[in-house]
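Student: Below: one structure in structure tokens.
The values are calculated or read from the model by the stated rules, or taken from the named source; none is laboratory data. Bear in mind that the values here come from a model prediction, so they are computed numbers and not experimental data. Counting neighbours? That spans all protein chains shown, and the Cβs are built from the backbone with ideal geometry, glycine included.
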Amino acid sequence: MEKPSLLPLLDARLPLTEAKVAEAARLAGVPLAQAWGVVRYYPRYRGLPQGRLLVDDPVARARGFEALLREAEGTYPPLGLEALAPVYLRFTPEERYVEWQGQLVPFSEFRLPFALGKGGRLLPPEPILDLEGYRALGGLEALKRLGQGLLTPEGVVRAVEEAGLLGRGGAAFPTHLKLRAVAQGQPPKYVVVNADESEPGNFKDRFLLEHHPFLVLEGALLAALAVGAERVYLYVREEFQAAILGLEAAIGELREAGLLPLPVEVFPSGGLYICGEETALLESMEGRRAEPRLKPPFPVERGLWGRPTLVQNVETLANLPLILREGPAAWRQKEPKLFSISGDVAEPGLYELPLGTLLGEALRRAGAAEVQAVLLGGAAGVFTRDLAFPLRYRERLPLGAGALVAFGPGVDLWEVLEGLAHFFREESCGKCFPCPLGTAVQLEMVRRRERDPKLLADLAATLKGSLCGLGQSAHWAYQSLLEVEGAA
Ligand code: SF4
């Protein structure tokens, strides 16, 4: 980090006082007004809710939300716990807990309590939390070859290109193009692992971080060496405390074993959905409110501190060691993708399936019986009943990061939609005009179960003028529900 960043300085001073904010501002070299703007913006600085909280995710909305809410003192945004939903949290001034199987488990100890569904190629079924265990499975081989000169940085980029790896965060941008763009930039350069997974219904990155930290780290290091970066940051959702501790332990093990070729640091995220947008993420790392930047320039040209930066999703990077271990052609034959499957299925959890698997087949693997509709891709996704839909990128429906939430007969899909509309209104950062206006109007329309296609067309036209993907996609689920109902 070229300058001390404001967020870690504030984190180190919680709970905040006027004097502590002033001290953090001075150390970060930012005006006091900017520091207060940041404190008021991020939930953990302005004060978290306390007491028993219901995680307000699409599965909780499908399970009788009003009744569940009567058992809580408030709600909390989706937290990658959809496979276990409905879930309550308990927040006290000292600690945050997940209520799980009658116990209060601190965030620092809570890992998603399931294995990868029915095995896969990318991941072994059980967690690999120690270096020896990871090496026994062929881990770090590609990194070693790179260190010995048996593999070149350009060889890494070429292998990723031959494999045809597309970004797994939702945008499906060709990974090799980003790698090559940063490789061509002038140093200093950075790699930022985007581990701020906040999309309702998604928990694949949370799972990877908690269960396979060495795989994620090897992928990030391979990318960093391929592009000539001088430092890796893991921007991890702040609530994923067990993942953060696990990553820090893994970094320590690699360092002790002399296997860390460059500095790697964990950066706890700002704690808002918009922090997952790559330029908003960079803004927060630089100590400002997480508001998206105008693009171009893209982060590969002007990223962290204005330097060329590779911002890459966790699952994307976790594929790099596998591509290099297996060879791009073998990897490409059955391109693996992680799917977070939750809702009305017998075995909710994480499944690795080849891209192109039919939606119905994916749900069958997870034990779905009767399905009324599926929310595909999360809040920025769509409802569908097309079980013959092939789960791959650049199809008629957006795959997003691979969230599949199944709803059985009897579920009130409008209640689920209301949860999504509420989520968007709460998470709009307010930087541009159409998004805060459109998401507020959308929530009102959904609350009165508005089905008029003309009004929805007006709403869509407003939201399309938004600056970033949050606003631009906020009405997709609404539009798709009317289509599913045959009303549009
Ligand atoms: S679209 Fe919404 S989240 Fe994106 S910049 Fe505009 S107000 Fe912020």
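Student: Scan region 337-345 and tell me whether some residue there is over 14 Å from VAL192 (Cβ atoms), among the β-branched types (Val, Ile, Thr) and part of a loop (DSSP other than H, G, I, E, B).
Tutor: So far as region 337-345 goes, yes, one or more of its residues are over 14 Å from VAL192 (Cβ atoms), among the β-branched types (Val, Ile, Thr) and part of a loop (DSSP other than H, G, I, E, B).
Student: Same structure, new question: What are the residues in region 260-281 that are within 16 Å of the ligand (Cβ to nearest atom) and aromatic (Phe, Trp, Tyr), if any?
Tutor: TYR273
Student: Please work out if ARG293 is assigned to a helix (DSSP H, G or I), out of contact with any strand residue (DSSP E or B) (no Cβ under 8 Å at 6 or more places or on another chain) and not hydrophobic (A, V, I, L, M, F, W, C).
Tutor: Against the criterion (assigned to a helix (DSSP H, G or I), out of contact with any strand residue (DSSP E or B) (no Cβ under 8 Å at 6 or more places or on another chain) and not hydrophobic (A, V, I, L, M, F, W, C)), ARG293 does not qualify.
Student: Let me ask something additional. State all residues of region 296-325 that are without any contact (Cβ under 8 Å) to a residue 12 or more places away in the chain and assigned to a helix (DSSP H, G or I); if no residue qualifies, say none.
Tutor: GLY306
Okay, residues lined up against (1) in the same structural domain as LEU123 (by TED's automatic domain parsing); (2) more than 25 Å from GLU154 (Cβ to Cβ):
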| residue | (1), (2) |
| --- | --- |
| GLY276 | yes, yes |
| ASN313 | yes, no |
| LEU324 | yes, no |
| TYR351 | no, yes |
| LEU359 | no, yes |
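Student: Could you grab me the full set of residues in region 260-290 that are free of Cβ contacts under 8 Å to residues at least 60 places away in the same chain and outside any helix (DSSP H, G or I)?
Tutor: LEU260, LEU262, PRO263, VAL264, VAL266
Student: Before we move on, is PRO348 surrounded by fewer than 20 Cβ atoms within 10 Å (Cβ to Cβ) and touching a residue at least 12 places away in the same chain (Cβ under 8 Å)?
Tutor: No.
Student: Would you check which residues across region 141-153 are without any contact (Cβ under 8 Å) to a residue 40 or more places away in the chain and not aliphatic (A, V, I, L, M) and list them?
Tutor: Hits for region 141-153 are LYS144, GLN148, GLY149, THR152.
Student: Search region 405-431 for residues that are free of Cβ contacts under 8 Å to residues at least 60 places away in the same chain and pair each with any residue that is assigned to a loop (DSSP other than H, G, I, E, B) and away from the ligand (no atom under 16 Å from the Cβ) when their beta-carbon atoms are under 7 Å apart and the residues are at least 6 apart or on different chains.
Tutor: Taking only residues 6 or more apart or on different chains, the pairs are PRO409/GLU370; PRO409/GLN372.
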